[in-house]
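First the structure, in the form of structure tokens, and then the observations on it.
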Amino acid sequence: MAYRIQKDKCISCGACASQCPVGAISEGDGAYEIDPNVCIECGACAAICPVEAPIQD
Ligand code: SF4
Ligand code: SF4
């Protein structure tokens, strides 16, 4: 399953988007978002996130 970002935790720092190797993360309304059709489940976003917002869905 793809990763997803918990909207209530994300502080929109943008760190995950620059780490994602496939460009699956973009800035959404109030939080960053992962395109589940693009995510390859590498876990880089979860590793870099300061607030542990990305989780495996
Ligand atoms: Fe991108 Fe990897 Fe996070 Fe998926 S798990 S959104 S591929 S950084
Ligand atoms: Fe949100 Fe975490 Fe990504 Fe920062 S690294 S934009 S807090 S999900």
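The numbers here are math on the coordinates, done by the rules we state, and not lab data. Note that the coordinates shown come from a computational prediction; the quantities given were computed from them, not determined experimentally. Virtual Cβ from ideal backbone geometry, glycine too; neighbours counted across all protein chains shown.
Odds and ends about this structure:
- For segment 25-57, taking the residues that are more than 8 Å from the chain's Cα centre (by Cα) and near ligand 1 (Cβ under 6 Å from one of its atoms), the one that is surrounded by the most Cβ atoms within 10 Å (Cβ to Cβ) is identified as Cys39.
- Search result, residues across segment 29-48 that are part of a loop (DSSP other than H, G, I, E, B) and without any contact (Cβ under 8 Å) to a residue 40 or more places away in the chain: Asp29, Gly30, Ala31, Asp35, Pro36, Asn37, Val38, Cys39, Ile40, Cys42
- Of the residues making up segment 6-24, those that are without any contact (Cβ under 8 Å) to a residue 24 or more places away in the chain, more than 9 Å from ligand 1 (Cβ to nearest atom) and part of a loop (DSSP other than H, G, I, E, B) are Asp8, Ser12, Gly14.
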